[in-house]
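The values are calculated or read from the model by the stated rules, or taken from the named source; none is laboratory data. None of these values were measured; they are calculated from a predicted model. Cβ atoms come from the backbone with ideal geometry, glycine included; neighbour counts cover every protein chain shown. What goes into the accessible areas is simple: the full protein's heavy atoms, side chains included, and nothing from ligands, DNA or RNA. Shrake-Rupley method; radii C 1.70, N 1.55, O 1.52, S 1.80 Å.
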Amino acid sequence: MTTMDPIPVPSAPLTRPSSTVVPPSEDASFAIKSTDRSYKHQYSNIYFVRLRALRQHVEQRAKKRWNEVAGNPVFVPRVLDVEKGQLCFIIGTVYMDMPLKPNVLEDVARDRSIPAPPPREKFYSDEDSVMLEDESGRICLVGERVRSACLVTGVILGALGIETHNGDFEVVDLCFPGMAPQPSVGLRWPGTDASGDMEVDGATTSPADEWVALVSGLEIGSENPTEGQIQMLAEYLTAEISGPEEQSQAARVSRLIIAGNSLGTLTGHTATLNGDSDRKQKRYGNDASSFTPHPTQNLAAHLTDVCRSMPVHLLPGPSDPAATILPQQPLPRAMFGGASHYATFACESNPTYIQLSPSDPSAQSSSHASQPGASSSKSKPNGTSAPKGTQRLRTILVHSGQPVDDMFKYVPTPPVSRMTLAESTLRWRHMAPTAPDTLWCHPYFSKDPFVMTQTPDIYVVGNQPAFATKLVRDVEDEREQQEGDEEVRRCRIVLLPKFRESGTLVLVNLRTLAVRKVQFAVEGMNGGGEAT
């Protein structure tokens with residue numbers, strides 16, 4: 001009689017870390033209030049508010065950056081007050097004059113009997129010109145420094161240079177607002193300290209660390225769904241598959257964030273699209289081979305399975321049944337059946353800030369400066385000491401990828417990549433500068449919600465062509481660190497690929513900000529990466 005190997009059982013019960021969500025401040029909320037639900041305002045108000053909010057930060061950095069430049073450049077508050085031949089610097093909003101960019105006046109005047117051309121993948125061309133404008137007017141920026149810079153419409157910057165005889169502004173150097181203050185600087189997430197570089201799939205983590213799972217582009221109900229991979233994803237997160245080692249790893253995942261495009265774009269019959277309808281027998285109703293009649297129910301079933309085990313944050317995306325303009329408001333909970341009955345299920349806006357606080361009681365203690373063996377005289381980069389009893393938080397900024405997709409049309413590739421654009425938004429202090437020019441957004445009157453008032457610890461961009469990650473540090477903080485300051489603002493950027501095409505789940509360590517990839521694939525199926 002043959003004996004079977006016993007089923008491996010973990011030596012200790014698996015417990016999932018339980019960090020809590022801290023509601024964001026009113027400034028960090030993307031909810032459109034009833035007082036803001038007005039469409040009678042001009043979009044120019046957003047540019048005025050954006051310039052007023054970021055001008056002072058650019059001016060401070062510009063004076064510090066160009067303080068010792070030969071020629072003693074002066075600050076000219078209005079771009080039209082620049083004098084020819086005088087070295088100075090000006091501050092304003094970038095406007096990209098691009099011949100290939102869509103023009104609403106051309107659309108109105110177009111002959112309706114002729115079909116409109118397909119949308120362009122790129123607006124960039126060699127005939128583009130860069131303008132800088134403020135309340136007084138607009139001036140054209142020229143020079144090698146401008147041609148080599150990564151710029152899009154809506155960026156607030158300072159330009160150092162001289163006005164030429166033909167009225168253009170010859171730029172010598174550029175200055176941006178820089179990374180915003182970071183509340184978590186000087187605070188340590190609970191856990192065992194570890195040293196070493198934070199590499200993708202690295203081993204510089206502790207078994208007790210807490211991880212956050214990130215995924216985007218499930219596209220349930222699309223033409224080529226990946227039901228097998230999605231089922232494997234749900235079972236992995238609930239620790240129902242694999243061996244004890246993988247189960248122990250999955251048990252350290254505290255929550256799941258789905259960054260848009262959970263539902264696929266509805267398409268017609270595949271045969272009709274391919275022109276084969278005449279060779280096949282006509283069918284009435286939906287063809288089950290190419291169309292799933294209940295994608296929302298399938299998504300709700302998977303969400304219900306995961307919500308029983310961990311919190312889930314769901315963002316809308318371009319293909320989801322939500323408004324097109326940003327910020328997209330949360331999807332109705334009633335759409336998701338059983339998942340809506342769980343307190344662990346949260347429908348978020350797009351973009352959204354998710355602030356996490358550790359459940360460890362000792363996490364509400366003071367910062368690193370007040371820990372035993374550390375000097376209490378250490379200060380944060382802004383010059384103020386971390387107050388005693390400060391709450392330790394990890395701030396996660398997530399959006400479904402529309403801002404990066406739109407900015408990507410403005411720049412030449414190569415050399416500019418999507419990671420370059422995501423990193424630039426941190427230094428611009430604005431996550432969607434091309435709104436409302438070519439990226440549709442709500443016509444705000446008294447605020448610009450896309451201005452970054454704080455630097456997140458984790459910056460997630462969903463629905464990108466490929467996975468990429470980078471740990472960004474503030475250059476100004478690194479210079480101050482060499483002078484004795486130990487704290488540096490840092491942000492982990494994660495570009496999430498579409499799960500339907502890549503089968504990729506990304507895990508981020510909340511203590512070290514290390515990143516780990518988990519790949520799901522089913523033999524004989526194309527979805528979820530290459531066929532195996």
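Remarks
- Members of segment 219-237 that are modelled with pLDDT of 90 or more, open to solvent by 20 Å² or more (accessible area, probe 1.4 Å) and of a type in the set (S, T, N, Q): 231
- Among (1) modelled with pLDDT of 95 or more; (2) surrounded by 18 or more Cβ atoms within 10 Å (Cβ to Cβ), the one test that residue 465 misses: (2)
- Failed criterion for residue 105 (all others in (1) modelled with pLDDT under 95; (2) touching a Ser or Thr at 6+ places or on another chain (Cβ under 7 Å) hold): (2)
- A single member of 74, 79, 22 is within 29 Å of residue 325 (Cβ to Cβ) and modelled with pLDDT of 85 or more, and it is 22.
- In segment 25-60, of all residues being open to solvent by less than 50 Å² (accessible area, probe 1.4 Å) and modelled with pLDDT under 85, the one that is farthest from residue 432 (Cα to Cα) corresponds to 38.
- Summed over segment 77-125, the residues that are assigned to a helix (DSSP H, G or I) and under 23 Å from residue 149 (Cβ atoms) give a count of 2.
- Filter pass, residue 74 being surrounded by fewer than 12 Cβ atoms within 10 Å (Cβ to Cβ), closer than 19 Å to residue 62 by Cα and among the β-branched types (Val, Ile, Thr): yes
- Residue ID - modelled with the lowest pLDDT, chosen from residues in segment 392-432 that are touching a helix residue (DSSP H, G or I) at 6+ places or on another chain (Cβ under 7 Å) and open to solvent by 10 Å² or more (accessible area, probe 1.4 Å): 392
- Subset of segment 125-139 [of a type outside the set (S, T, N, Q), surrounded by fewer than 16 Cβ atoms within 10 Å (Cβ to Cβ) and under 16 Å from residue 97 (Cβ atoms)]: 126, 127, 137, 138
- Within segment 140-164, considering residues that are over 20 Å from residue 428 (Cβ atoms) and in a strand (DSSP E or B), the one most open to solvent (accessible area, probe 1.4 Å): 162
- Taken residue by residue, segment 209-218 has at least one member that is modelled with pLDDT of 90 or more, among the aromatic types (Phe, Trp, Tyr) and under 23 Å from the mean Cα position of the chain (by Cα).
- A count restricted to segment 165-186 and to residues that are closer than 20 Å to residue 134 by Cβ, open to solvent by less than 10 Å² (accessible area, probe 1.4 Å) and small (Gly, Ala, Ser) stands at 1.
- Residue 500 being modelled with pLDDT of 95 or more and either out of contact with any Pro (no Cβ under 6 Å at 6 or more places or on another chain) or farther than 19 Å from residue 354 by Cβ (or both): no
- Any hit, segment 81-96, residues being under 29 Å from residue 180 (Cα atoms), basic (Lys, Arg) and touching a residue at least 24 places away in the same chain (Cβ under 8 Å): no
- In segment 111-158, the residues that are free of Cβ contacts under 8 Å to residues at least 12 places away in the same chain and in contact with an Asp or Glu (Cβ under 6 Å, 6 or more places away or on another chain): none
- Residue within segment 328-342 that is modelled with pLDDT of 95 or more, among the small types (Gly, Ala, Ser) and either open to solvent by less than 50 Å² (accessible area, probe 1.4 Å) or not in a strand (DSSP E or B) (or both) present: no
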